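Every number in this text was worked out from the coordinates using simple rules, so none of it is lab data. Since we're looking at a predicted model, the values are computed, not measured.
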Amino acid sequence: MPRIVFVEHNGTEHVVEGRTGESLMQSAVENAVPGIMADCNGALACGTCQGYVDAPWLERLPAKSAEEAAMLECNSHLRENSRLTCQLTMKDELDGIVVRLPQSQY
């Protein structure tokens with residue numbers, strides 16, 4: 001199974017197994033990763049699953065939808081590499097993806 005590396009704002013790493021076809025947010029929630037609140041449970045309505053995707057992985061991801069971009073604009077600590085993990089679907093090519101979590105979600 002492909003792995004996802006979530007990194008807390010303090011540097012603590014959580015390596016979890018992701019299931020192909022499942023969102024990164026789902027994998028984080030199922031593995032109790034701190035910093036992924038997922039208040040809307042992946043309905044693209046809250047932005048509490050924001051993560052900063054490390055640069056090498058960005059080009060492997062689909063572009064942000066207009067809805068995701070609009071939701072991200074409402075978040076504090078927005079960066080160019082900000083993504084909503086509920087909108088990122090795990091696939092084998094993403095094995096080892098690194099997602100850093102903003103301090104604002106703790």
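From the P(r) of the chain, can you give the percent of Cα pairs sitting at distances over 16 Å? Walk me through the numbers before you get to the answer.
Details: 2806 of 5565 pairs.
Here the tail beyond 16 Å accounts for 50 percent of pairs.
Per residue of the stretch 92-106, in order, report the coupling 6.51 cos²θ - 1.76 cosθ + 1.60 (Karplus, θ = phi - 60°) as ³J(HN,Hα) in whole Hz, putting x for Gly and Pro.
In residue order, the calculated couplings are 4, 5, 9, 4, x, 3, 10, 10, 8, 10, x, 4, 5, 9, 10 Hz.
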